[in-house]
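For reference, the structure is listed below as structure tokens.
Derivation of every value follows stated rules applied to the coordinates shown; laboratory data play no part. Everything numeric in this text was worked out from a predicted model, so none of it was measured. Don't worry about glycine lacking a Cβ; one is built from the backbone with ideal geometry, like all the others, and counts go over all protein chains shown.
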Amino acid sequence: MTTARRTRADEISIREWAAELEAAASIARTLAPTDFLPLTLKRWHRDDHGRPLDGKDGRPGQLDLEATTATAAAAIMTGAELGLKPGAALRSIAVINNTPALSALTLRAILQNAGHDIWVLPESGPTRAIVRARRGGSEDVQQSTWTIDRAKTAGLYPGQERGQWRKNPGAMLVARATAEAARYVAADAILGIPYTAEELIDEIEGGEPMLALVAAPADGNGDGPPVIAAAKKTRTARRKTAAAPMPALPAAPPAAVPDRAAQAAPRPVPPDDTPPPLINDQQRKRLHAALRDVDLGAPENRDDALNLINGWLEDHRIETTSELTAVEARTVIENLEAMHTIARTEESKPDEHEP
């Protein structure tokens with residue numbers, strides 16, 4: 001094909017993509033105000049302090065229709081590139097900590113829909129998961145094996161006291177092995193979303209930083225160790241334990257000839273800003289419901305719940321959930337609900353065997 005023809009073909013492709021985007025935006029705009037659009041895809045107007053008016057702190061929600069339409073349209077278009085229909089894309093693409101992700105179950109469905117084979121070996125169990133994958137048209141089979149010992153080395157197991165690694169280690173091992181095997185044989189099929197929701201949840205719970213595959217296993221059967229490299233972390237690591245407050249740094253280096261009289265005089269203390277609003281009744285009910293969903297709602301689990309919540313806070317530790325600010329409560333609720341969603345997805349997976 002000549003350069004002119006190739007350029008013409010590219011122009012047609014771009015126009016077709018733009019037309020599809022316009023159609024996706026029409027669908028997204030229609031669904032934006034409804035409950036059929038997941039909350040993770042909705043965007044909200046913000047107040048003068050930059051806090052989203054999402055209705056979670058007792059104030060009326062103010063949906064940003066334009067931003068929501070753009071976000072949902074992007075999810076639909078991303079899903080289309082992965083072979084998902086619009087409804088499936090909106091249901092399957094989760095946004096966790098501002099990062100799009102797919103569950104391991106959806107990942108397997110995408111590979112199978114693209115003509116590749118991926119299956120979980122029957123000998124997989126609570127301490128080991130073996131997932132094999134074969135690219136369509138190829139006889140080469142790649143294998144990913146995740147064991148409890150490997151999860152320990154990665155800092156994933158045993159994890160939080162009530163986390164999925166303790167409650168359902170077999171499913172979490174399958175999720176990790178699925179993501180790895182999928183990257184071995186069909187990186188092009190999942191190029192737009194390289195991480196699974198389970199991997200992002202692990203990062204929230206304080207596990208290893210996410211890893212990016214850079215090479216296939218050492219041998220053709222996939223028995224050799226994978227070659228991986230640490231990906232750039234996109235968020236500040238969550239603090240696991242309370243740390244002593246660091247002394248404040250000076251705003252600027254001292255002058256060459258310091259004024260000792262001025263140093264001796266106490267510096268004026270600027271007035272404190274208005275304290276942020278605390279958790280409200282609506283958030284408190286939602287928080288307690290979310291804790292029950294992840295088996296942390298009983299009184300005997302209070303310490304475990306507080307340890308989990310404190311791991312997500314960056315500024316201070318709390319002794320009771322009543323000390324949470326409205327913004328902190330929103331973050332905690334979203335993380336708990338994301339954990340519950342992943343748990344339900346893993347529990348609903350059917351048994352899978354080699355074809």
Rounded to the nearest Å, the spacing of the alpha-carbon centers of segment 143-162 and segment 102-131 is 18
Env charge @ THR127, Cβ radius under 14 Å, K,R +1 / D,E -1, value +3
For ALA187 and ARG29, extending 7 Å from Cα along the Cα-Cβ vector and measuring point to point gives, in nm, a value of 3.9
In this structure, among LYS56/LYS152; LYS42/LYS285; LYS167/LYS285, pairs with alpha-carbon gaps over 31 Å are LYS56/LYS152
Amide H contacts under 5 Å for TRP44, restricted to residues at least 5 apart in sequence or on another chain and with H modeled in the peptide plane, are ASP64
In nanometres, the difference between 0.36 nm per residue of separation and the alpha-carbon distance of ARG317 and ALA19 is 102.3 nm
Distance in nm between LYS285 and GLU161 label points, each 7 Å along Cα→Cβ, equals 2.8
Taking only Cα atoms of segment 13-92, the Rg to Rh ratio with Kirkwood Rh works out at 1.05
With x for Gly and Pro, the residue-by-residue ³J(HN,Hα) of segment 324-330, computed from phi through the Karplus equation 6.51 cos²θ - 1.76 cosθ + 1.60 at θ = phi - 60° and given in whole Hz, is 5, 7, 4, 5, 5, 4, 4
Spelling it out for GLY297: with amide H atoms placed in the peptide plane at 1.01 Å from N, the residues 5 or more places away or on another chain with amide H under 5 Å from its amide H are ARG292
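How would you rank SER144, SER124, going from fewest to most other Cβ atoms within 10 Å of each one's own Cβ?
SER124, SER144
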